Amino acid sequence: MDGDNQKGTIIVSTEEIFDGNNKEHIGKANDIEIKLLDLGLLPLMTEL
């Protein structure tokens, strides 16, 4: 956060609207999350 302004990034993982009940969509989101964590680009909840 920068003062009262939040900054972030949107990552598009599917061509369709993301569906939290779609196992393929969830799998892609999980794969992205794991890769970002491995690269040190995803903060841990304790760091927020």
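Only the coordinates and a few stated rules stand behind these numbers; no lab work does. Source: prediction; values computed, not measured. Cβ placement follows ideal geometry from the backbone for every residue including glycine, while neighbour counts extend to all protein chains displayed.
Taking the longest Cα principal axis of the chain as reference, the axis of helix 23-38 is set at about 30 degrees.
Tell me the trypsin sites (Lys or Arg not before Pro) within the chain that lie in a loop according to DSSP and have at most 12 other beta-carbon atoms within 10 Å. In loop regions of the chain (DSSP not H, G, I, E or B), the sparsely surrounded trypsin sites (Lys or Arg not before Pro) are 7. Here the sum of -39500 (n - 2.57) over DSSP H runs of 4 or more residues, divided by the residues of the chain, equals -11000 deg cm²/dmol at 222 nm, to the nearest 500.
Partners of residue 7 within straight-line reach, counting lysines whose Cα lies under 21 Å from its Cα and excluding those fewer than 8 residues away in the same chain: 35. Would you work out which of 43, 25, 6 lies farthest towards the positive end of the dipole of the stretch 1-43, given +1 charges on the beta-carbon of Lys and Arg and -1 on that of Asp and Glu, about the Cα centre? The listed residue farthest towards the positive side: 43. Longest stretch of the chain clear of exposed loop sites (GluC sites (Glu not before Pro), DSSP loop, at most 14 other Cβ atoms within 10 Å, sites excluded): 17-48.
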